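Before any comments, here is the structure.
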Amino acid sequence: MVNRQLTLVCVRHGQADHNVRGNAPIFVFTDEEKPALNSDLTELGRQQANLVAKRLSTQKFDFAISSDLKRAKDTADPIASLNDTIETVVEWKTVRERCFGIFERIDPELCRSQLRVEDAIEDKDLLTWRIPKGESVVDLRRRVEEFLRQLIRKTQTLPSKEPTILCVSHGLFLKELHRVLSSFGSSGPMFGQGDVSYPNTGVSQYRIGFGEAEEEIKQAECQVYACGDHLDPIINDSEAIFIA
């Protein structure tokens with residue numbers, strides 16, 4: 001039985017340095033055992049962040065989450081600045097982008113090749129191979145599932161019975177989130193349909209029903225998916241190296 005509901009508004013970060021062909025020599029990584037790609041936004045990415053901030057400026061949010069990676073944080077900041085209902089943006093490592101490990105350091109083309117191979121496999125449960133110092137598709141899915149449990153726990157602490165939560169994250173994470181949520185419902189404009197391009201600062205929105213005691217999702221509805229209508233005033237990024 002559905003005890004509570006939440007609305008989850010997801011935003012992919014703006015264009016980052018690694019999304020532009022030829023920028024591999026300036027890639028930046030976190031300083032940790034498994035380094036994560038930690039690129040800055042480009043000038044276009046900052047423009048995109050300002051545009052999505054305007055789009056969401058009148059949306060009421062009860063809680064705001066961002067990946068702790070720079071490109072996501074720098075996309076979330078303008079959203080928070082223009083929205084009076086967001087007091088602070090909390091950083092969750094859970095919503096980081098999938099880590100491609102050594103592939104990201106050797107050649108970004110390896111990441112694209114890996115994605116093409118994985119896209120050709122229908123049964124995603126088979127995709128357990130882990131890139132050295134990186135994550136497999138199954139690893140990413142498990143992290144998405146942990147995020148959803150974390151989200152439900154947080155929702156239970158909020159005053160609103162039906163809160164709206166902002167999450168600024170990354171392309172592959174958000175695509176896997178969509179795939180996981182699609183298993184809980186078929187309604188909405190995109191559930192059950194093929195893959196689509198997820199533009200920088202693309203917006204998705206889900207209505208999620210869950211059981212309060214068991215922290216388990218009971219149903220999900222996709223209301224908006226990977227929408228970039230706010231990008232019409234500027235040229236969108238069509239030369240991404242890969243989706244991260």
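A few points about this structure:
- Mean residue ellipticity (222 nm) of the chain, computed from DSSP H runs ≥ 4 via -39,500 (n - 2.57), nearest 500: -9500 deg cm²/dmol
- Packing-based ranking, highest mean first, of 4-12, 112-120 given that Cβ atoms within 10 Å are counted: 4-12, 112-120
- FRET efficiency, Leu126 to Glu216 (Cβ-Cβ, R0 25 Å, nearest 0.05): 0.50
- Loop-located GluC sites (Glu not before Pro) in the stretch 7-72 (DSSP state other than H, G, I, E, B) with a sparse environment of at most 13 neighbouring Cβ atoms within 10 Å: Glu32, Glu33.
- Top positive-direction residue, dipole computed over the chain with Cβ charges, set Ser197, Val20, Ser182: Ser182
- 30 Å Cα-Cα threshold exceeded, pairs from Lys34/Lys175; Lys54/Lys161; Lys70/Lys218; Lys60/Lys124; Lys70/Lys154; Lys73/Lys133: Lys70/Lys218; Lys60/Lys124
- In order along the stretch 55-66, the phi-based Karplus estimate (6.51 cos²θ - 1.76 cosθ + 1.60, θ = phi - 60°) of 3J(HN,Hα) comes to 4, 9, 5, 9, 6, 7, 10, 9, 6, 9, 10, 9 Hz; Gly and Pro are listed as x.
- Whole-Hz Karplus values for the stretch 169-178 come out as 9, 9, x, 5, 4, 5, 5, 5, 4, 4 Hz, taken residue by residue from phi with 6.51 cos²θ - 1.76 cosθ + 1.60 and θ = phi - 60°; glycine and proline positions read x.
- For Ser39, residues with placed amide H under 5 Å, excluding near neighbours: Val28, Arg71
- The chain, relative contact order [Cα under 8 Å, separation at least 6], %: 31
- Solvent-accessible area assigned to carbon and sulfur over the chain amounts to 48 percent, based on a 1.4 Å probe.
- Extension reserve of the Thr88-Lys133 stretch, reckoned as 0.36 nm per residue once the Cα distance is removed: 13.0 nm
- Accessible surface of Val138 - all protein chains present, 1.4 Å probe, nearest 10 Å²: 10
- For Lys34, net neighbour charge (Lys/Arg +1, Asp/Glu -1) across residues whose Cβ lies under 10 Å away: -2
- Low-density loop positions, trypsin sites (Lys or Arg not before Pro), the stretch 60-103 - DSSP coil, at most 14 other Cβ in 10 Å: Lys60
- Relative contact order, percent, the stretch 5-148 [alpha-carbon distance under 8 Å, six or more residues apart]: 20
- Solvent-accessible area per residue for the stretch 61-163 (1.4 angstrom probe, square angstrom): 50
- Contour minus Cα-Cα distance for Ser160 and Ile102 (0.36 nm per residue): 16.6 nm
- The structure-derived value of Rg/Rh (Cα atoms, Kirkwood Rh) appears in the list (i) 1.00; (ii) 0.94; (iii) 0.97 under the label (ii).
- Among 47-55, 217-225, 159-167, the order from most to least packed when residues are scored by Cβ within 10 Å on average: 47-55, 217-225, 159-167
- Taking 0.36 nm per residue of sequence separation and removing the Cα-Cα distance, the Ser57/Asp77 pair yields an extension gain of 6.0 nm.
The values are calculated or read from the model by the stated rules, or taken from the named source; none is laboratory data. Source: prediction; values computed, not measured. Using ideal geometry, Cβ is built from the backbone for each residue, glycine included, and neighbour counts are taken over all protein chains shown. In case anyone asks, the SASA skips ligands and DNA or RNA and just uses the protein heavy atoms, side chains included. Shrake-Rupley method; radii C 1.70, N 1.55, O 1.52, S 1.80 Å.
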